[in-house]
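The values are calculated or read from the model by the stated rules, or taken from the named source; none is laboratory data. Note that the coordinates shown come from a computational prediction; the quantities given were computed from them, not determined experimentally. Every residue, glycine among them, receives a Cβ derived from its backbone with ideal geometry; neighbour counts consider all protein chains shown.
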Amino acid sequence: MNPLVLIVEDENALVEVLKYNLEKEGFRTEIAIDGEEALLALDERSPDLVILDWMLPHVSGLEICRQMRRRKETRGIPIVMLTARGEEDDRVRGLESGADDYVTKPFSPTELVARVRAVLRRSSPTLVEEVLRYGGVEMDLTIHRVTRDGRQIRLGPTEFRLLRVLMERPRRVYSREQLLDMAWGTDKEVEPRTVDVHIRRLRKALNGPDDPELIRTVRSVGYAIDATDA
Ligand code: CA
């Protein structure tokens, strides 16, 4: 199961950006727009990490942070605080109150996701395995590098996402529609046949002259990565 990140932020636009970028990187997300919702979500969903805005209506981020550290159930959950530029005192107080890291607004989503990973890597290393391995193929998700038996494979962004979906659950068969959802995102109108085109490209890139075929076509169903017969 992918790590669940609870986003506690009242600014809708920022929530959307965070949600989009985290989900793109394979995290699951839950949203709380104020302190009360946050405390509720903490009880109900037990997230793996909390992104906590300092300035929230009703209950402040700092107060949530303190409450989380006081309670046995939430004490161990890592917190990344969001603070506004210049609030140096807030950072210090945030760290003192038990936040694991803080990010100053405005920030790049990429940087924030990197911080989230870094904090999770310290708290629960198995949650953020960043290299997928199967059938001689290695995918390093951090630096976007793919190799097969040590040979470097160059992939376009779509082929990379396709391979990632397949590599996350080896031998599981996905329909074209599922692959479209997972590798293209749901908001685009793409023909299921497009999947075939990109699978072809992916195979071409993956397979050297003597390599066995790794991507199995399952007639009238879809595709899987499967080294069983290889
Ligand atoms: Ca805010």
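Screening LYS24, LYS72 for residues that are among the basic types (Lys, Arg), out of contact with any Pro (no Cβ under 6 Å at 6 or more places or on another chain) and within 28 Å of ARG161 (Cα to Cα) leaves exactly one candidate, LYS24. Please verify whether the range 88-100 includes one or more residues that are at pLDDT 90 or above and either within 21 Å of the chain's Cα centre (by Cα) or over 30 Å from HIS144 (Cα atoms) (or both). Within the range 88-100, one or more residues are at pLDDT 90 or above and either within 21 Å of the chain's Cα centre (by Cα) or over 30 Å from HIS144 (Cα atoms) (or both).
Given the criteria part of a helix (DSSP H, G or I) and farther than 22 Å from GLU130 by Cα, does ARG66 qualify? So ARG66 fits the description; yes.
Considering only residues in the range 16-56 that are part of a helix (DSSP H, G or I), touching a residue at least 60 places away in the same chain (Cβ under 8 Å) and within 16 Å of the ligand (Cβ to nearest atom), the one that is surrounded by the most Cβ atoms within 10 Å (Cβ to Cβ) turns out to be LEU18. Could you tell me whether ASP89 is within 21 Å of SER124 (Cα to Cα), more than 14 Å from the ligand (Cβ to nearest atom) and not in a loop (DSSP other than H, G, I, E, B)? It is false that ASP89 is within 21 Å of SER124 (Cα to Cα), more than 14 Å from the ligand (Cβ to nearest atom) and not in a loop (DSSP other than H, G, I, E, B). Considering (1) without any contact (Cβ under 8 Å) to a residue 24 or more places away in the chain; (2) closer than 16 Å to LEU6 by Cα; (3) under 20 Å from the mean Cα position of the chain (by Cα), the lone condition that ARG75 does not fulfil carries the number (3).
Against the test of being assigned by TED's automatic domain parsing to the domain that holds ARG203, in contact (Cβ under 8 Å) with a residue 24 or more places away in the chain and in contact with a Gly (Cβ under 6 Å, 6 or more places away or on another chain), the options ARG154, ARG164, ARG148 yield a single qualifying residue, ARG148.
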